[in-house]
Amino acid sequence: MDQLLQFVFSGLTVGAVYALVALGFTLIYNASDVINFAQGEFVMLGGMVTVFAHAAGVPLPLAALLAIVVAVATGLAVHRFAIEPARGANAVTLIIITIGASILIRGLAQIMFDKQFHRFPAFSGEDPIAVLGASILPQSLWVLGGAAVIVAALWLFMERTLLGKAVRATAANRLAARLVGIDTTLVLALAFGVSGAIGALAGILVTPITLTSVTVGTLLALKGFAAAMLGGIGNPVGAVAGGLVLGLLEALAAGFLSSTYKDAVAFVVIIAVLFVLPQGLFGKRAVERV
Amino acid sequence: MQRRQLIGGLAGAALLALATPSLAQAPIRIGSVLSVTGPASFLGDPEARTLRLYIERINQAGGVLGRRLELVLYDDGGDANRARTFATRLVEDDRVIAVVGGTTTGTSLAMIPVFEEAKIPFISLAGGIEIIEPVKPFTFKTPHTDKMACEKIFTDLRKRGLTRVGLISGTGGFGASMRNQCLRVAGDFGVQIVADERYGPGDTDMTPQLTRIRNVPGGVQAVINADFGQGPAIVTRNFAQLNMGVPLYQSHGVASRSFIELAGAAAEGVRLPAAALLVAEQLADNDPQKRVVMEYKQTFESTQNQPVSTFGGHAYDGLMILVEAIKRANSTDGTKIRDAIRATRGFIGTGGVVNMSATDHMGLDLSAFRMIEIRGGTWTLVD
């Protein structure tokens, strides 16, 4: 029992990060049909900028804020200088552009920072908390709580604000949204900015546990993408569920089956799910009207 | 007109400046392919710094055989395919007389056939035992092997009377190779590997694996982690989180300052086998390595503004073994240098005392490894 609980703690912590990356994918996908493969780099920037600002003597909360600003600016820059000039190109071209952007961001980060792994202190101590025979780090609670707050805030923004409604309208039907006077370019820029902020927050929350370096973005983008596909690409609830399920799958597979094949087990399950439900767990059935 | 003259004058001065230190003859070209960037950059970067630093110092002291040394260094980014391409370039275009480098076991193995065919001595800086076993005529290496790390750890375990051991290793090249070696030699030391867990290169949480090790029927008395990079730091933190209550052993792959910084308080009490360089100040004054490691440490740290690591030390050893061999061979002929490297006896490097032979192209024994424990956030010599 305590063993199962330990695996669940591990899975949820890792899964919460996947969920936040998947959420970033979802936002931009909804606004433009583009899968933004630079999403992992936002997570990297969140961690690395905080590390270096903190090392330079900036207090941790301020360093984190700075990291979010940098990631948002990077997101907006990717949109302004990479996506916007190619406006009208098809989604595949834009996806390839985001891959190029992610390589550029990683390269610049490598020059500005360094190639080593780093961390900064956990927010509220390093002493694990014992829960029913299992142990969880205080920082894991920060990750889970932080992810919940981000999801809730995003939901409020989407449901309760005019700008959020514009994003949803654009996601539902871009042409119709433009016809009723919504500036879809602005909506897409907003999506990139918010994705940058979410990615940076994920990076800041998780770095004390997982460590960070300029190369962590690649794998996170891959796992986040898998989570978004599992949950149903374009669905925020699906993104969160997909991330948590992927994290749990990995932890349970490592714990009960074989740690060597845990990634394989997770991906086999994803393939099996997509085989039965091609739209993912929460995806809406896409009907192509001829 | 005046401007052109100025440029001409500058060019002449530059030529003169270049010509003065070069002593009449053409320089001796030494090649190197290192992983200065990419995932193994924390190994390759200090190696490249060391080679540049010491080749400059050797030249200032008058070069070798009255000739300057010239370093031709390429960065393979950790990619074995690129390493092989650069190896071919070193042989065919740059016409180097010997090569120091090959940061990882993978890149080294990819380059070996090129240098063997060209009969160019190659001193690898990678750990894997496959590089020198079976012995290849022109291939040598300076770092300790993962097999020696296992043997050193098992010797220490036996001394402490611990026999039931859990093994957790990364699936990358280093971790996989060391896992195999540990499984192979455990029996010789009366050690029983009762758990064998693994994790992927980018994994960020190893509590499931450690929980499995903790819950092995009959329990474990110690845990060994075979890997380098950020993995061991996370394992060490998870180990403390789960309050495992048994000794944790790491490999020589974590022998750098950054491991202690990343693992934080959790690193307290962790033991690892490592080269004497790590505990230079703590060596007894009559220790044969004391002078060499102190000198390298001070030279490196005063010029590079970063703490010394054992990986740069391997590059130092490789370069010095080569330079001494060239001097003894009194020639730049590949086969003669090879014979001279093979005849290296009693060379004191940062990695240990090197005694090469026709059947041993590394020349280190277990005495080259020191057992080190992390106490109070720093390395402490245990024996």
Relative to chain B, whose Cα atoms define the longest principal axis, helix B:230-241 and its Cα axis are tilted in degrees, nearest 10, by 20 degrees
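Whole number please: convex hull volume per residue, Cα atoms of chain B, in Å³.
Given the Cα convex hull of chain B, per-residue volume reads 154 Å³.
Once Rh for region B:226-307 is found with the Kirkwood sum over Cα pairs, what is the Stokes-Einstein diffusion coefficient at 4 °C and 1.567 mPa s, in µm²/s?
92 µm²/s
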Once you wrap a convex hull around the alpha carbon atoms of region B:26-179, what is its projected area averaged over all directions, in nm²? 10.9 nm²
Where only alpha carbons of chain A are counted, the Rg and the Dmax (Å): 18.9, 61
Which pairs, out of B:Lys147/B:Lys336; B:Lys141/B:Lys327; A:Lys115/B:Lys136, put more than 27 Å between their alpha-carbon atoms? B:Lys147/B:Lys336; A:Lys115/B:Lys136
The extension gain from A:Leu222 to A:Asp114, computed as 0.36 nm times the residue separation minus the Cα-Cα distance, is 36.6 nm
Of B:Ser367, B:Ser108, B:Ser124, the one that fluctuates the most in a GNM where chain B has Cα springs shorter than 10 Å: B:Ser367
Region B:67-143 versus region B:150-172: alpha-carbon centroid distance in Å: 32 Å
Normalised Cα Rg of region A:108-189, dividing by 2.2 N^0.38 Å with N its residue count, works out at 1.76
With Cα coordinates, the longest principal axis of chain B makes an angle with the long axis of helix B:146-159, in degrees rounded to 10, of 40 degrees
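Any number yet on Rg/Rh for region B:285-376, C-alpha, Kirkwood?
1.02
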Radius of gyration, Dmax [the protein assembly as shown; alpha carbons; angstrom]: 27.7, 89
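Could you tell me the calculated FRET efficiency between B:Ser367 and B:Arg57, based on Cβ-Cβ distance and R0 = 45 angstrom, to the nearest 0.05?
Numbers: r = 28 Å, r/R0 = 0.63.
Given R0 = 45 Å and the Cβ-Cβ separation, E is 0.95.
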Which one, B:Val323, B:Thr105, B:Gln282, is farthest towards the positive end of the dipole of chain B when Lys and Arg carry +1 and Asp and Glu -1 on their Cβ? B:Val323
Over the Cα atoms of region B:157-304, how large are the radius of gyration and the largest Cα-Cα distance (Dmax), in Å? 16.6, 53
DSSP beta bridge pairing in the protein assembly as shown, given as percent antiparallel to the nearest 5: 35 percent
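Counting every Cα pair in region A:172-290, what percent are over 25 Å apart?
When all Cα pairs of region A:172-290 are counted, 38 percent exceed 25 Å.
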Using a simple spin-label model with points 7 Å from Cα along the Cα→Cβ vector, what separation in nm is obtained for B:Asn81 and B:Asp360? 4.0 nm
Which of the helices in chain A meet the span-like rule: DSSP H, Cα axial reach of 30 Å or more, Kyte-Doolittle mean at least -1.0? A:2-32, A:91-112, A:138-160, A:184-210
Rounded to the nearest Å, what's the spacing between the alpha carbon centres of region A:50-84 and region A:157-220? Just the number, please. 15 Å
On a full-extension model of 0.36 nm per residue, what is the gain between B:Ala284 and B:Asp383, subtracting their alpha-carbon distance, rounded to one decimal in nm? 34.5 nm
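If R₀ is 45 angstrom, what is the calculated FRET efficiency for the pair B:Asp93 and B:Thr155, using the beta carbon separation as r and rounding to 0.05?
0.45
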Which FRET efficiency value, to the nearest 0.05, do you get for B:Arg375 and B:Ala343 by plugging their Cβ-Cβ distance into 1/(1 + (r/R0)^6) with R0 = 45 Å? 0.65
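None of the figures in this text is laboratory data; all of them are computed from the coordinates on show. Here the structure is a predicted model, which is why all the values come from computation and not from measurement. FYI the Cβ positions are ideal-geometry reconstructions off the backbone, even for glycines, and counts take in every protein chain you see.
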